[in-house]
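Data first, discussion second: the structure below is written as structure tokens.
The values are calculated or read from the model by the stated rules, or taken from the named source; none is laboratory data. Worth saying up front: this structure is predicted, and the values here are computed from it rather than measured. Please note: Cβ atoms are built from the backbone with ideal geometry, for glycine as well, and neighbour counts cover all protein chains shown.
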There are 2 protein chains.
Amino acid sequence: MEFVHLCPIWDKLSPAHQQLVSSAIVPKTLGKGAVLHDGSTDCAGLVLIKSGQLRAYILSEDGREITLYRLLDQDICLFSASCVMRSVQFEIMISAEKESQVFILPPYIFKKIMEESAPLANYVNELMATRFSEVMWLIEQIMWKSVDKRLANFLLEESALEDSDTLKLTHEAIANHLGTAREVVTRMLRYFQNEGYVKLTRGTLEIIDREGMENLVND
Amino acid sequence: MEFVHLCPIWDKLSPAHQQLVSSAIVPKTLGKGAVLHDGSTDCAGLVLIKSGQLRAYILSEDGREITLYRLLDQDICLFSASCVMRSVQFEIMISAEKESQVFILPPYIFKKIMEESAPLANYVNELMATRFSEVMWLIEQIMWKSVDKRLANFLLEESALEDSDTLKLTHEAIANHLGTAREVVTRMLRYFQNEGYVKLTRGTLEIIDREGMENLVND
């Protein structure tokens, strides 16, 4: 089964646990835009991404957003099983940014094995520490980096994810990633265009001075 | 041994692991202001607080600070053992805000037991999820709450920690907790004084309208 090759700790599970996982795992396709986890109301389970792209973000009471991190091929989405971990006391949203093929381990099976298996519990620790590190990076960005650096970093990251210099992104979508206002993004992109970093056309944005933007980020 | 009564998962450890912990645990007194963990350079181990108060915070390159969370009696400080968890990729500072009595489990013993014991690994998961939740709360505050609400919340929290309406805090110290500039704190405290929330005298701050401040926070 393909899941076996993607699961990073398969060999460390006992035969009984391997059997249990094999019989419980469910393959699923998430359409672009599908919501995998909506705050505390959902509990899909532990999700392994075979291919695709998920976005984890938070929502304010009045509908503002900020992206926490992205999950890509072979990443594991832990917080879609947050009902299993009673100390997870925050509401996180997880949705598919691209059509994604995933394997889902139901929460009650995940919980049972984690309680019994030190290797799985330790692996979950490492996963949580990885996400924690991404969120700590984000706090440092929000607190101590100006919007121009954050925008340049985001555009370079998007360009790497899309493997393209041309990005189809609305100013609204960029603002939702960065947790800022659309007007701020519009103003900053015009500044970027004047500086020769990007070229803006209707609905698309082309990176034309990658080195300049990298220097801005690292300045 | 007193540690046994404070350790929340003592009964779930095997006799061999209990023996190992008992022989390795070290009691220690941290003086007020002592640094327990300084980014990636330290690795004291897992620290259980018998009494006292620790503060976890981050530092910017140019010396600005923001408080992530506090640790109080019977809390366990996980990130002072972050060398054991290779996915913890952030620099955190932990220092004693009050003289603190702690028990320290050295990192190599902690690592050995965590690898073998599902109960300890699961407990560490819950600890990390608790800290993660506190940091997520902080992000929401930074992103979506105005400084007046954050300041009022901080003063109410301090008042609860000190069990007093009179707080000895410099504007600089408050700014370092909130991750803002001293001038902003000074301006906001004057506004709080005009509104009748607090009374400022040289070096101290008295909360005189607790209900008003609570309303401001929850507004």
Have a look at B:Thr186, B:Thr170, B:Thr201 and point out the one that is loosely packed, with under 13 Cβ neighbours inside 10 Å and touching a residue at least 12 places away in the same chain (Cβ under 8 Å).
B:Thr170
Residues in the range A:184-207 that are part of a helix (DSSP H, G or I) and among the basic types (Lys, Arg) total 2
Meets criteria (aliphatic (A, V, I, L, M), crowded, with 20+ Cβ neighbours inside 10 Å and in contact (Cβ under 8 Å) with a residue 12 or more places away in the chain) for A:Val35:
no
Restricting attention to the range B:1-32, report how many residues are touching a residue at least 60 places away in the same chain (Cβ under 8 Å) and among the aromatic types (Phe, Trp, Tyr).
1
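In the range A:1-29, how many residues are outside any loop (DSSP other than H, G, I, E, B) and touching a strand residue (DSSP E or B) at 6+ places or on another chain (Cβ under 8 Å)?
Number of matching residues: 9.
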When residues of the range B:121-159 are limited to those that are more than 9 Å from chain A (Cβ to nearest Cβ), basic (Lys, Arg) and in contact (Cβ under 8 Å) with a residue 24 or more places away in the chain, the one surrounded by the fewest Cβ atoms within 10 Å (Cβ to Cβ):
B:Lys149
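Yes or no, residue by residue, for (1) modelled with pLDDT of 95 or more; (2) of a type outside the set (Lys, Arg); (3) closer than 20 Å to B:Ile139 by Cα:
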{"position": "A:Ser14", "(1), (2), (3)": "yes, yes, no"}
{"position": "A:His17", "(1), (2), (3)": "yes, yes, no"}
{"position": "A:Val21", "(1), (2), (3)": "yes, yes, no"}
{"position": "A:Val26", "(1), (2), (3)": "yes, yes, no"}
{"position": "A:Gly33", "(1), (2), (3)": "yes, yes, no"}
{"position": "A:Ser40", "(1), (2), (3)": "no, yes, yes"}
{"position": "A:Gly52", "(1), (2), (3)": "yes, yes, no"}
{"position": "A:Arg64", "(1), (2), (3)": "no, no, yes"}
{"position": "A:Ala96", "(1), (2), (3)": "yes, yes, no"}
Per the filter on the range A:116-164, residues touching a Ser or Thr at 6+ places or on another chain (Cβ under 6 Å), at pLDDT 95 or above and of a type outside the set (A, V, I, L, M) are A:Glu126, A:Thr130
Please specify each residue of the range A:91-104 satisfying the condition of being within 18 Å of B:Arg131 (Cα to Cα) and surrounded by fewer than 19 Cβ atoms within 10 Å (Cβ to Cβ).
A:Glu91
Go through the range B:93-120 and give me each residue that's within 8 Å of another protein chain (Cβ to nearest Cβ) and either under 20 Å from the mean Cα position of the chain (by Cα) or without any contact (Cβ under 8 Å) to a residue 12 or more places away in the chain (or both).
B:Glu115, B:Ala118
Reported set for the range B:75-97 where residues are touching a Leu at 6+ places or on another chain (Cβ under 9 Å) and either hydroxyl-bearing (Ser, Thr, Tyr) or outside any loop (DSSP other than H, G, I, E, B) (or both) is B:Ile76, B:Cys77, B:Ser80, B:Ala81, B:Val84, B:Ser87, B:Met93, B:Ile94, B:Ser95, B:Ala96, B:Glu97
Test result for B:Glu172, more than 7 Å from chain A (Cβ to nearest Cβ), out of contact with any Asp or Glu (no Cβ under 6 Å at 6 or more places or on another chain) and more than 30 Å from A:Met114 (Cβ to Cβ)
yes
Residue under evaluation A:Ser80, criteria (1) within 7 Å of chain B (Cβ to nearest Cβ); (2) closer than 26 Å to A:His17 by Cβ; (3) modelled with pLDDT of 95 or more; (4) surrounded by 20 or more Cβ atoms within 10 Å (Cβ to Cβ), criterion not met:
(1)
